[in-house]
1. Rounded to the nearest 0.05, what FRET efficiency do K548 and T583 give with R0 = 22 Å and r taken as the Cβ-Cβ distance? Could you check?
2. Kindly put M265, M452, M69 in sequence by how many other C-beta atoms sit within 10 Å of each C-beta, fewest to most.
3. Over all pairs of distinct alpha carbons, what does the Kirkwood formula give as the hydrodynamic radius of the chain, in Å?
4. Grab the Cα-Cα distance for K140 and K285, subtract it from 0.36 nm times how many residues apart they are, and report the gain in nm with one decimal.
5. May I ask you to order 660-667, 364-371 by the average number of other C-beta atoms within 10 Å around their residues, highest value first?
6. Please compute the modelled spin-label separation between K561 and D205, points set 7 Å along Cα→Cβ, answer in nm with one decimal.
7. Give the separation of the Cα centroids, region 319-348 to region 174-236, in Å.
8. So how do L305, L492 line up by other beta-carbon neighbours within 10 Å, fewest first?
Amino acid sequence: VQVLRLFESNILQFLQGNNLNGNYNLKTVARPIATKKLDLVTNLTANDGKWSAHALDLRSLISPQPGAMYRVEFSFNPSYSLYKCDATNFDSEGQLETDFDQETESSMWDGSETYYGNYYSNYNWNERENPCHTSYYYNKTVGTNILASDLGVTVKMGVNKSYFVAVNDLISTRPIAGASVTFYNYQQQAIGQVLTEVDGTSIFDADQHAYFAMAESNGQKTYVKLSDGNAQSVSKFNVDGEAVQKGVKGFIFAERGVWRPGDNMFLNFMLNDKGNPLPDGHPVKLELIDPYNKVVHREIKTYGLNNHYNFVVKTDDNAPTGRWLAKVSVGGASFTKTIQLETIKPNRLKIKTVFSEEVLSANKPLKGTLEVAWLHGAVAKNLKADVTVKFNARTTTFEKYPAFVFDDPTRAFETEEQLVFNSRVNELGKAQFSVDPQIKGRAPGMLTAAFMTKVYESGGDFSTDVFTKRFSPYNTYVGLNVPKGDKARGMLLTDEAHTFEVVTVDENGKAKPTKDLKVSVYKINWRWWWETSADNLSSFSSGEYQEKVLEKTISTNNEGKASFNFELKYPEWGRYMVRVEDTKGGHATAKPIYLDWPGWAGKSMKNDPTAATMLVFSTDKEVYKVGETATITFPGSEGGRALVTVENGNEVLYSLWVESNKGETKFQLPITKLYAPNVYINISLLQPHANTVNDSPIRMYG
């Protein structure tokens, strides 16, 4: 083991090219202060070839200095190996010293020796996996950085260069008042300093971006590198929405959606600069860009009534049609709106298509009536007409069963188009048609049938009409209701029998008893990318995922209802697909579920290092009015402390400390007008450093 000391005066220089756990270019900022050989196997311990854990008390090697950083590195050379070799190329004279030697270390760390020395003199790439060759022992060093400090620091940066700081004692989680926090730029020059208030927090409004922050209290020091890449990821939380640009919000709107060449466009822009107030008379620039990316109109206004700016733009009679772009620039931010310019030709014929059934079925021919008349009322006789239908997937729902899923995500359906009618209407402007739809793909559930009717005038012009109907490709639909799961995370727990409800209905949602429904439960792979959209599970099949954990057959009663139980035994855990199929009718329903061990530090969190620090919590409502109080619930442990911040797109609006209780912790948050129109609540849950009640990290956030 070798211990290197990164000197206090060098730590900012070290952080210029490293994160706190880095080891790049250590020679410029650190020196070794201790080296020692550790015997891991003695007569008292068995050499069984298995991994074993060991601990090292650093106080036996060094006396840690508050504010200093140490790098502890472990390595081994060929003479330490217990592997039995028939022949080796080991050099007995070239072994490492077992104890610290100042003269040897100085020659290396003072630049007296070359950078590589004879490091690779005995290296053979082909022998890198052979323990009986020196090549095996190259690059076998592991290390970690240790900061000697009792201070923990949280820094939040807003888009308006406002820094929120909280300083805590790592031992007790107690907020530290009067701590000095100094901010530095990349060149290690101080750009500002704040002292924390009684609650251990403070706000620093900077003129420029800071690159480091150093907190100091009672001789203790700690450091934070403030580059964007070091920010804690929030991608696994629901953080959709518009990012506020430069603290300025804007919205462009117009009097309609489509214009013709030669029309006047009445474009309006609303500005909200409360997050970053702009001076009076600040210019607001409008640019109108045609489909060829050419700026055809530019206008600047310096006055708007209540931050409302109006622009009237006259288009040319020969202006190109297509998608134009209106772009408004103000205060370093820009806002855009697509403008549709089209040569619109109105219908001259009134088209009406009528079907006798409300829900169209694949088991009956599609029978309909087409009626065509001129807009002035006269009958449009003997005109050519065609009707096409496009089938698209839709979410299947039935009014009596709102909690049930009726779609199968393991089936992918692509749009299919078919010709329904291609002939002429009669003397009365009417036509009857009937067609048997042939669906090629396997539909996940109900489909939407979009009908497009075109009727052609004698001169070649045509009028169109589009409408949609529900289309049922099956006689029977299977619905699945999944248990809700635990309160904290909505997941199901292992070692418990969970009841799944099943219903079968006809295409109109009426209960329909059905026999021989096939129930299957598969283990499915965990997705690595977090998506707010629906899972793409259409590639799922039992051929690819062989791990089927349950298969049984059930039947629904006269009320179209049935149920089955599923229990997963510890230590299994993960995502599973529950699928119920009507083998005769062809319809199936499926839903992925997540099962984990009881207790809120599950197996999944241990496998994903970012998930380990995730804190999942809930509010009592989705929407609040000003003056109401929000109740927020989060899981915690006794003796912990939570930093709660209310944030918008710009900065931290409010912060408070909440002491956590065993199990669940609830606290109240009054909703003020400052929080309109919406805010995020961020919770950082801190646990005392010496806590052994659970194996969760000492800081979690959500």
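Rule-based calculations on the coordinates, nothing more; no lab input. These numbers come from a predicted model, not from an experiment. Cβ coordinates were reconstructed from backbone atoms using ideal geometry, including for glycine residues, and neighbour counts include every protein chain displayed.
1. E between K548 and T583, to the nearest 0.05, is 0.90.
2. By the 10 Å Cβ count, ascending, the order reads M452, M265, M69.
3. For the chain, inverting the mean 1/r across all distinct Cα pairs yields 33.0 Å.
4. Difference between extended and current length: 46.1 nm.
5. Details: 660-667: 15.4, 364-371: 17.0.
For the peptides 660-667, 364-371, the packing ranking is 364-371, 660-667.
6. Each label point is offset 7 Å from its Cα along the Cβ direction, giving 6.3 nm.
7. So the separation of the two Cα centres works out to 46 Å.
8. Exposure proxy ranking, most exposed first: L305, L492.
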